[in-house]
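The values are calculated or read from the model by the stated rules, or taken from the named source; none is laboratory data. Since we're looking at a predicted model, the values are computed, not measured. Positions of Cβ are generated from backbone atoms using ideal geometry, with glycine treated the same way; all protein chains shown enter the neighbour counts. Areas reflect the complete protein model, heavy atoms only, side chains present, ligands, DNA and RNA absent. Shrake-Rupley method; radii C 1.70, N 1.55, O 1.52, S 1.80 Å.
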Amino acid sequence: MLRDITLGQYYQTDSVIHRLDPRVKLVGTLLFIISLFVVNQFPVYLVVLVFLGSVIALSHVPLGFMLRGMKAIAFLLILAFVCNLFLTPGDILVSFWKLRITKQGLSTAVFMAIRLSLLIVGSSLMTLTTTPNHLTDGLEKLLNPLKKIRVPVHEISMMMSIALRFIPILLEETDKIMKAQMARGADFDTGNLIQKAKALIPLLVPLFISAFRRANDLAMAMEARCYRGGDGRTKMKPLKYEKRDFAAYGLLLFYMAACAGVNILSAHLPGILSWHLG
Amino acid sequence: MKKEPAGNHKETMEIRLEHVNYIYGGDTELAVHALDDVNITLPAGQFIGLIGHTGSGKSTLVQHLNGLLKPTSGRIYCDGEDICAKDYNMKKLRQKVGLVFQYPEHQLFEADVLSDVCFGPKNLGFSKEEAEAKAKAALLQVGLSEEYFDQSPFDLSGGQKRRVAIAGVLAMDPEVLILDEPTAGLDPKGREEILNLIRKLKEERGITVVLVSHSMDDVANYVERIIVVNHGRIMFDDAPRKVFTHVEELENMGLAAPQVTYIMKALAEKGAAVDTSAITLEEAKQSILEWVKGNKA
Ligand SMILES: Nc1ncnc2c1ncn2[C@@H]1O[C@H](COP(=O)(O)OP(=O)(O)OP(=O)(O)O)[C@@H](O)[C@H]1O
Ligand SMILES: [Mg+2]
């Protein structure tokens with residue numbers, strides 16, 4: 001049931017992408033997202049697709065597994081699409097009853113849908129191929145300069161890694177409590193909205209109690225090992241760039257350049273290629 | 001105060017598993033074949049021990065018995081009806097087959113003990129009064145007297161919480177009671193209390209009981225049939241005495257025979273004429289006493 005939510009999960013396997021330094025993947029994802037939203041020419045998304053497709057292929061994460069994660073947010077995507085489609089003012093294409101579809105609405109909706117799905121696939125690719133610990137290590141290292149202006153970088157990344165670490169545990173716990181209550185005849189699936197919300201109480205109360213208990217245990221265990229925040233802490237496995245990481249940075253640069261190039265090119269080309277955001 | 005038998009059980013409830021397979025995480029690299037061609041029949045009124053090493057598939061197996069998990073392949077029949085059929089009444093099944101999870105106290109959520117135990121019967125559609133009557137009977141049967149009814153379940157001791165949780169399932173009047181490691185995390189005294197309680201429940205209600213455990217010592221004293229699982233497969237399914245003759249195979253699975261069996265074997269090796277098939281402390285005592293008397297005579 002709940003295990004079907006693959007968004008933000010780690011997929012264990014061995015691949016070049018998995019072995020990349022987390023900083024590369026963080027920077028890469030950031031650049032990828034920027035590229036998605038700066039670009040406003042349709043043909044550029046072909047470049048984006050080719051890039052994303054090759055990274056997915058390299059990552060050895062089965063496509064089916066990734067798309068299953070998308071199912072969870074399909075509703076959001078459709079909602080965004082429909083809103084954009086009907087609520088954007090402009091030149092009317094079709095109109096029936098009180099609804100009207102405009103040219104601008106259609107193009108915004110399509111662009112937004114493409115951007116959002118690529119955004120989700122791209123960023124879930126990062127979490128699928130990077131363990132939470134690696135991810136926060138990378139983040140801490142990247143944000144290190146901010147320490148100079150007294151941002152508690154270490155503490156923030158510690159909090160993040162603990163939060164990420166607990167997601168699968170809490171999912172498992174939810175699954176277990178749900179089953180235990182179902183064994184007592186609880187019904188989470190039928191009924192109207194209010195009944196469904198009420199049915200969640202026997203799930204949420206034990207879940208919160210267990211979350212607090214776990215948090216307490218963890219705090220105690222950290223205290224017992226004399227944990228104290230950032231200054232002067234060393235790492236057991238410090239992050240170090242390898243050759244492949246520099247190669248990856250190079251590829252990223254190339255990708256950004258390609259996006260920019262195709263964007264400028266197709267902006268100046270007439271015809272079907274020049275379909276762009278209103 | 002006289003206790004009324006809470007269940008009006010029929011001695012018909014039979015659960016049959018045919019070629020049941022279960023795979024977790026089917027299409028990922030992490031797929032786990034948790035059950036492998038399981039064929040068993042649980043007739044009404046038996047006291048069954050389900051034994052296996054950590055991760056052998058015990059919990060997975062028992063979750064099939066009340067339809068919480070659906071077999072990846074294979075069939076499960078309850079009173080001859082296929083429980084995977086689309087129109088099968090799952091609520092009815094969950095009422096008939098009560099499952100007490102590992103660490104059941106983690107599922108308590110109500111403000112007081114009585115309301116928590118009422119949760120099951122209320123879900124089954126009983127009125128408030130009926131549900132409370134059932135809950136009270138169940139609580140008394142697990143040995144929690146009226147002074148506990150209004151207390152918060154979170155203020156109780158570990159053993160008491162577990163009793164409340166067991167009562168929560170018992171209040172639904174199941175015909176089959178399955179307990180997944182009911183003694184996990186309890187001290188020796190608490191363990192014995194819970195196990196004796198389960199035996200008492202079995203006798204008073206005449207229901208089928210499936211006791212899941214990885215400790216032979218826990219089970220040997222109580223059950224009439226032992227099912228041993230290893231890597232999702234049924235390895236032995238027989239009377240305890242017969243199962244414990246396979247000491248070596250059991251040890252290879254990370255299990256062990258009861259401690260008295262080892263003592264009796266060691267004694268026999270030293271030349272004592274004792275019964276090596278003794279599996280409970282009481283039997284062992286008898287056998288040793290007889291041998292000592294025989295020596296004196
Ligand atoms: N929700 C799940 N998702 C994936 N794999 C699981 C899940 N639950 C159990 N497994 C795997 O299935 C196998 C059997 O697990 P199960 O919980 O049935 O074992 P068990 O005999 O109850 O063990 P224990 O004595 O520790 O409770 C194990 O290898 C376990 O890792
Ligand atoms: Mg288990």
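Tabulated values for the structure
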| read-out | value |
| --- | --- |
| Residues of the range B:249-297 that turn out to be assigned to a loop (DSSP other than H, G, I, E, B), at pLDDT 85 or above and hydrophobic (A, V, I, L, M, F, W, C), as a count | 2 |
| Any pair with Cβ under 7 angstrom, 6 or more apart, that starts in the range B:216-231 at a residue that is over 19 Å from B:L42 (Cβ atoms) and away from chain A (no Cβ under 14 Å) and ends at one that is more than 13 Å from ligand 1 (Cβ to nearest atom) and part of a loop (DSSP other than H, G, I, E, B) | B:M216/B:A256; B:M216/B:A257; B:M216/B:P258; B:D217/B:P258; B:A220/B:P258; B:A220/B:I279; B:A220/B:T280; B:N221/B:T280 |
| Any helices (runs of 4 or more DSSP H) falling wholly within the range B:138-246 and containing at least 3 residues that are basic (K, R) and more than 16 Å from ligand 2 (Cβ to nearest atom) | B:188-205 |
| Complete set of residues in the range A:172-182 that are open to solvent by 60 Å² or more (accessible area, probe 1.4 Å) and more than 25 Å from B:N89 (Cβ to Cβ) | A:E172 |
| Considering residues of the range B:99-131 that are at the interface with another protein chain (Cβ under 7 Å from one of its Cβ atoms) and touching a strand residue (DSSP E or B) at 6+ places or on another chain (Cβ under 6 Å) only, the residue nearest to A:A186 (Cα to Cα) | B:L99 |
| Residue selected from the range A:43-69 under the condition open to solvent by less than 30 Å² (accessible area, probe 1.4 Å) and either free of Cβ contacts under 8 Å to residues at least 24 places away in the same chain or outside any helix (DSSP H, G or I) (or both), by the criterion nearest to the other protein chains (Cβ to nearest Cβ) | A:V61 |
| Residue match in the range A:232-245 (condition: assigned to a helix (DSSP H, G or I) and surrounded by 10 or more Cβ atoms within 10 Å (Cβ to Cβ)) | yes |
| Candidate set from the range B:16-60 (those that are within 16 Å of ligand 2 (Cβ to nearest atom) and among the small types (G, A, S)); member that is farthest from B:L195 (Cα to Cα) | B:A34 |
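Results for (1) more than 15 Å from ligand 1 (Cβ to nearest atom); (2) hydrophobic (A, V, I, L, M, F, W, C); (3) modelled with pLDDT under 90, shown as yes or no for each residue.
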residue	(1), (2), (3)
B:Y22	no, no, no
B:T28	no, no, yes
B:V32	no, yes, yes
B:F47	yes, yes, no
B:S59	no, no, no
B:H64	no, no, no
B:K70	no, no, no
B:G74	yes, no, no
B:K96	yes, no, no
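To keep it simple, each residue is scored yes or no on (1) within 14 Å of chain B (Cβ to nearest Cβ); (2) assigned to a helix (DSSP H, G or I); (3) modelled with pLDDT under 85.
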{"position": "A:I114", "(1), (2), (3)": "no, yes, no"}
{"position": "A:V121", "(1), (2), (3)": "no, yes, no"}
{"position": "A:M126", "(1), (2), (3)": "no, yes, no"}
{"position": "A:L142", "(1), (2), (3)": "no, yes, no"}
{"position": "A:L146", "(1), (2), (3)": "no, yes, no"}
{"position": "A:S161", "(1), (2), (3)": "no, yes, yes"}
{"position": "A:M178", "(1), (2), (3)": "yes, yes, no"}
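Residue-by-condition table, conditions (1) open to solvent by less than 90 Å² (accessible area, probe 1.4 Å); (2) at the interface with chain B (Cβ under 10 Å from one of its Cβ atoms):
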{"position": "A:L170", "(1), (2)": "yes, no"}
{"position": "A:R184", "(1), (2)": "yes, yes"}
{"position": "A:G191", "(1), (2)": "yes, no"}
{"position": "A:Q195", "(1), (2)": "no, no"}
{"position": "A:A199", "(1), (2)": "yes, yes"}
{"position": "A:L203", "(1), (2)": "yes, yes"}
{"position": "A:F212", "(1), (2)": "no, no"}
